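Q: One structure, pasted below without further comment.
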Amino acid sequence: MKKLFIPILSIFITFQALSQAGVNNSINVDIDFGNGSDAIKASIKEDLYNLNLYEYAHSLPELYDLFDNDQLTFEAWKEHIDSLSHRVAINRYDSIKPYYVVDYVGFIPLQAKFFVQSLELSEDLKERFPSIYETLITLTESLTRNGYKRDEYDSIFAYYGSQVGGNNIWYFLQVEDCYFIEYILEHELLPKLTLDYVIDDYEISSHRKLPIYLQKRKWQSIARRLKESSNPTCQKYGEIMLETIDYALFDNDNNFYRKYELEGMNWFEFKEF
């Protein structure tokens, strides 16, 4: 396949700076990393913006395959990362408080860190596609900077009950898992009973842009990390999530986005999980 050759920069130092997050995209970890590939690849090929970097961290088998078969170019990936970096840079000077989940662009560097760490953890893929691995690391690493800091969390956390698109609790949990649950309780950002309800009674929508097996990979990834933590509350939540997975399936519903189009809205504004 065609390669975009870029110098490899200080990868060892970079990983030392990253938190130990990420997910190993192996069927030995989760059988669903071997399911749903065609639908996930179709979403990626349709538009790189269909997935965020946290979602790409759970789509590495598909991403590697698209690069290896010349169905996706490194030039396109670089342009995508540059575009995201531009959004993050502009946001530093934006005085408008975010409202929709996707407006909290400080999550983008945190998702990039999770993506880079997932590239490292997914050793089977790294060994099969070393050139793709190294190039993805190099192209994405610069985006891992300038994200939200932990001492900002209490000022940017938003929870609006069942209001779709306004909650960012799952965006926090995706990249911080148990740490954010501890943070919520310590800083009293939500009552414990409300947090119990959020974890125990949540339904995930899947659709063409975020097909069912990608949503399952994401959900089960959080659940495993919670269950493997040392905090009993987090362990309990992880067990609950693995036992009570509820999905609203719209993968084959071509009218799923119609309601947003009729109201002149962007479906991304309502992307909550």
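The values are calculated or read from the model by the stated rules, or taken from the named source; none is laboratory data. Treat the numbers as computed from the prediction; the structure is a model and nothing was measured. Glycine also receives a Cβ, built like all others from the backbone with ideal geometry; neighbour counts cover every protein chain displayed. Ligands, DNA and RNA are stripped out before the accessible areas are found, and what is left, the full protein with its side chains, is counted by its heavy atoms. Shrake-Rupley method; radii C 1.70, N 1.55, O 1.52, S 1.80 Å.
Q: Please go through the range 210-238 and pick out each residue that is open to solvent by 10 Å² or more (accessible area, probe 1.4 Å), in a helix (DSSP H, G or I) and of a type in the set (Ser, Thr, Tyr).
A: Tyr213, Thr233
Q: Something else now. Restricted to the range 162-206, and to residues that are hydroxyl-bearing (Ser, Thr, Tyr) and open to solvent by 10 Å² or more (accessible area, probe 1.4 Å), which residue is nearest to the chain's Cα centre (by Cα)?
A: Within the range 162-206, the match that is nearest to the chain's Cα centre (by Cα) is Tyr171.
Q: Exactly one condition in (1) open to solvent by 20 Å² or more (accessible area, probe 1.4 Å); (2) part of a loop (DSSP other than H, G, I, E, B) is not met by Asp124; state its number.
A: Unmet condition: (2).
Q: Also: Answer with yes or no whether Ser118 is within 30 Å of Asp70 (Cβ to Cβ), open to solvent by less than 10 Å² (accessible area, probe 1.4 Å) and of a type in the set (Ser, Thr, Tyr).
A: Judged against the criteria, Ser118 is a match.
Q: Continuing with the same structure: How about the range 53-78: which of its residues are open to solvent by 10 Å² or more (accessible area, probe 1.4 Å) and closer than 19 Å to Leu110 by Cα?
A: Lys78 - this is the single residue of the range 53-78 that is open to solvent by 10 Å² or more (accessible area, probe 1.4 Å) and closer than 19 Å to Leu110 by Cα.
Q: Somewhere in the range 215-226, is a residue touching a residue at least 60 places away in the same chain (Cβ under 8 Å), out of contact with any His (no Cβ under 9 Å at 6 or more places or on another chain) and farther than 16 Å from Ala21 by Cα?
A: Yes - at least one qualifying residue is present in the range 215-226.
Q: Which of the following residues is crowded, with 16+ Cβ neighbours inside 10 Å and either in contact (Cβ under 8 Å) with a residue 24 or more places away in the chain or under 30 Å from Glu182 (Cα atoms) (or both): Asp251, Asp246?
A: Matching residue, one of Asp251, Asp246: Asp251.
Q: Please enumerate the residues belonging to the range 196-205 that are modelled with pLDDT under 90 and either of a type in the set (Ser, Thr, Tyr) or over 26 Å from Cys234 (Cα atoms) (or both).
A: Tyr202, Ser205
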